[in-house]
Amino acid sequence: MQVSVESTSALERKMTISVPDERIESEVTKRLQQTAKRAKVSGFRPGKVPMNIIRQRYEADARQDVLGDVIQATFYEAVVAEKLNPVGQPAIEPKVFEKDKGLEFIATFEVFPEFEVQGLDSIAIERQSAEVADSDIDNMLDILRKQNTRFVDVERAAATDDQVTISFVGNIDGEVFAGGTADNVPLVLGSGRMIPGFEEALIGCKAGDTKVITPTFPEDYQNLDLAGKTAEFNVIVNKVEAPELPELNEEFFEMFGNSEGGLEGFRAEVSKNMQRELKQAINGKVKSQVMDGLLAANDIEVPGALIASEVDRLRVQAVQQFGGNVKPEQLPAELFTEQAKRRVALGLIVAQMVKQFEIKADDERVRSTIEEMAAAYQEPQQVIEWYYKNQQQLEDVRAVVLEEQVVDTVLSKAKVTDSTVTYEEAVKPAAAPDVAEEAEAE
């Protein structure tokens, strides 16, 4: 077997492989001998059919199968011999594909980039720390109460934060439009569910009132047929209800699965959940900065095959998340290309970090991670046992821990600045980078 390799780009390789005729014919003969043992030909007993008849009937198919097998086998023999690390399946172009002339073909494929992770000491990280104060717990209790607001009938005029139940018919230039009619719809005034001007116009209305409202649809409204147009809504107010916050009592605590310990026990449980959220938020921000830093310090070539595969995965995720009748392949690839490229590049960099710094998932850390996840369930020990009995789930946790250890490795070498912030500041998502500032920086 002869092999020659040509680099057609940074990652693309064109490999020409020549296989001598003897190897092909030897494999064809073996395949025909196997066929002869089971071939059924009229006039002959099984296994007694002359080889010339076997060749006449089965050689073409046997040769085709052999050529496919030899292409696959010799390709992998060649990449091992040439110490190449191919991405995906190669594109095969036959050059010589005839009997008595051997086999010659060209395999075109991409290889994984070879690089060393660098620039860790240039990465700047701000690592926040915060405490859960009593006032933070008080605020969280208020949020939980508001999330479970009840509404009770009142005979007064509607005010902001009240819930009105309304029926309405909307028209534009005297014509009723699709989606502009509804019956007995509950609406919290001030929630921003309706277009600007609609909810405000209902403040001061009482149950039984009727009102004509003439709001204008925003210019960027999702329904282009309505965008920028002024509508007329004939509204009937069927009911007005005032918000009533639930009391912090046993009934309220039981809604969250905490029926023991009273207010003090509930506050302790809320505090524990907030501590967990705080830790996740801080770690998430640090990880995000680490990944951004790794990308900035390591501008690597990314195989197109891996990007295409990741685009397909993101398409499927989008359809699963948003639903609808759209098939994944109908979504434009360019919607996901940049995100896919980033994911693939990070995956390659993290994998190289693991190899370069000989990082292995720490078993104790894996155990503590599983225990931490299990703590959120009523039967933690059952959850822990389940993870250790399910190899795939256990490997998923190991992958998470391994990535955390990669982050730790970067932090040990990066420029880390520690800062103390409030709980609210810590759990607040990091602001997205300003597009204009990014463009100016570039």
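The values are calculated or read from the model by the stated rules, or taken from the named source; none is laboratory data. This one's a predicted model, so the numbers in the text were calculated from it and none came from an experiment. So basically every Cβ, Gly included, is an ideal-geometry build from the backbone, and we count neighbours across all protein chains shown.
For residues that are under 22 Å from residue 150 (Cα atoms) and in a strand (DSSP E or B), tally how many sit in the range 169-213.
First, the residues of the range 169-213 that are under 22 Å from residue 150 (Cα atoms): 183-194, 199-200, 202-208.
Applying the additional criterion that residues be in a strand (DSSP E or B) yields 183-188.
So the answer is 6.
Any residue in the range 213-233 that is touching a residue at least 60 places away in the same chain (Cβ under 8 Å) and surrounded by 14 or more Cβ atoms within 10 Å (Cβ to Cβ) sitting within a Cβ distance under 9 Å of a residue that is in a strand (DSSP E or B) and among the aromatic types (Phe, Trp, Tyr)? List the pairs, counting only those 6 or more apart or interchain.
Final answer for the pair search is 231/177; 233/168.
Hand me the list of strands (runs of 3 or more DSSP E) wholly inside the range 101-161 holding 3 or more residues that are within 24 Å of residue 189 (Cβ to Cβ). Please lay out each step first, then the result.
Numbers: elements: 103-111, 124-129, 150-153.
Of the strands (runs of 3 or more DSSP E) lying wholly inside the range 101-161, those with at least 3 residues that are within 24 Å of residue 189 (Cβ to Cβ) span 150-153.
Determine the pairs where a residue that is more than 15 Å from residue 61 (Cα to Cα), located within the range 26-42, has a partner that is surrounded by 11 or more Cβ atoms within 10 Å (Cβ to Cβ) with Cβ atoms under 6 Å apart, the partner being 6 or more residues away or on another chain.
Note: pairs meeting the criteria are 41/49.
Of these, 371, 358, which one is in a helix (DSSP H, G or I), among the charged types (D, E, K, R) and surrounded by fewer than 16 Cβ atoms within 10 Å (Cβ to Cβ)?
Numbers: 358 fails: in a helix (DSSP H, G or I).
Of the residues listed, the single one that is in a helix (DSSP H, G or I), among the charged types (D, E, K, R) and surrounded by fewer than 16 Cβ atoms within 10 Å (Cβ to Cβ) is 371.
Give the residue, chosen from 125, 71, that is surrounded by 18 or more Cβ atoms within 10 Å (Cβ to Cβ), in contact with a strand residue (DSSP E or B) (Cβ under 7 Å, 6 or more places away or on another chain) and assigned by TED's automatic domain parsing to the domain that holds residue 300. Please lay out each step first, then the result.
On the way: 71 fails: assigned by TED's automatic domain parsing to the domain that holds residue 300.
Testing whether each residue is surrounded by 18 or more Cβ atoms within 10 Å (Cβ to Cβ), in contact with a strand residue (DSSP E or B) (Cβ under 7 Å, 6 or more places away or on another chain) and assigned by TED's automatic domain parsing to the domain that holds residue 300 leaves just 125.
Condition check ((1) more than 39 Å from the chain's Cα centre (by Cα); (2) exposed (fewer than 14 other Cβ atoms within 10 Å of the Cβ)) across all residues:
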position	(1), (2)
132	no, no
143	no, yes
152	yes, yes
156	yes, yes
172	yes, no
175	yes, yes
178	no, yes
181	no, no
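Just checking, how many residues over the range 224-245 are among the basic types (Lys, Arg) and not in a strand (DSSP E or B)? Outline the logic, then answer.
Residues of the range 224-245 that are among the basic types (Lys, Arg), as a first pass: 229, 239.
Retained after the next criterion (residues that are not in a strand (DSSP E or B)): 229.
Going through the range 224-245 one residue at a time, the tally reaches 1.
Residue 72: under 30 Å from residue 7 (Cβ atoms), assigned to a helix (DSSP H, G or I) and without any contact (Cβ under 8 Å) to a residue 12 or more places away in the chain, yes or no?
Working: under 30 Å from residue 7 (Cβ atoms): yes; assigned to a helix (DSSP H, G or I): yes; without any contact (Cβ under 8 Å) to a residue 12 or more places away in the chain: yes.
When the stated conditions are applied, residue 72 passes them.
Looking only at residues that are surrounded by fewer than 19 Cβ atoms within 10 Å (Cβ to Cβ) and outside any helix (DSSP H, G or I) in the range 301-324, which one is modelled with the highest pLDDT?
Top of the filtered list is 301.
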